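The values are calculated or read from the model by the stated rules, or taken from the named source; none is laboratory data. None of the values given here were measured: they were computed from a predicted structure. Every residue, glycine as well, gets a Cβ built from its backbone with ideal geometry; the counts of neighbours run over all protein chains shown. Note: areas computed on protein heavy atoms with side chains; ligands, DNA, RNA excluded. Shrake-Rupley method; radii C 1.70, N 1.55, O 1.52, S 1.80 Å.
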Amino acid sequence: MKLKSFIVALSALVGTAGILYLIGHIFEISPFMFHYDFTSDSGGFNMAAGSFLPVLIGLLASFVAEKYYLHKAKAKLG
């Protein structure tokens, strides 16, 4: 049962974050877009990343989905 709950949580995280990143890029919503810039000059090193808001929302959805799955599995057993 632990493997199934992990799969439910992981799929909720990946699915939610993926859909939000896709929506962000289609409709050009900057909080939901991921930008990655890398610059390596002889004088220094520069690296920047984009929004992690979809990942945070995905973590919340993952938590809710896992709790819902465990509640339904417990109700089914007893």
- Which one of these is at pLDDT 95 or above and in contact with a helix residue (DSSP H, G or I) (Cβ under 7 Å, 6 or more places away or on another chain): Leu70, Leu13, Leu60? Leu13
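Of all residues being among the β-branched types (Val, Ile, Thr) and closer than 23 Å to Ser62 by Cα in the stretch 17-51, which is nearest to the chain's Cα centre (by Cα)? Just the residue, please. Lay out the reasoning, then the answer.
As a first pass, look at the stretch 17-51 and keep what is among the β-branched types (Val, Ile, Thr): 19, 23, 26, 29, 39.
Remaining after also requiring closer than 23 Å to Ser62 by Cα: 19, 23, 29.
Working: Ile19: 9, Ile23: 13, Ile29: 16 Å.
In this case the residue turns out to be Ile19.
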- Restricting the stretch 49-69 to residues that are assigned to a helix (DSSP H, G or I) and closer than 12 Å to Phe34 by Cβ, the residue that is least open to solvent (accessible area, probe 1.4 Å): Pro54
- Taking only pairs six or more apart or across chains, which ones have beta-carbon atoms under 8 Å, a first residue in the stretch 43-68 that is within 20 Å of Pro31 (Cβ to Cβ) and without any contact (Cβ under 8 Å) to a residue 40 or more places away in the chain, and a second residue that is surrounded by fewer than 17 Cβ atoms within 10 Å (Cβ to Cβ) and among the polar types (S, T, N, Q)? Ser51/Ser30
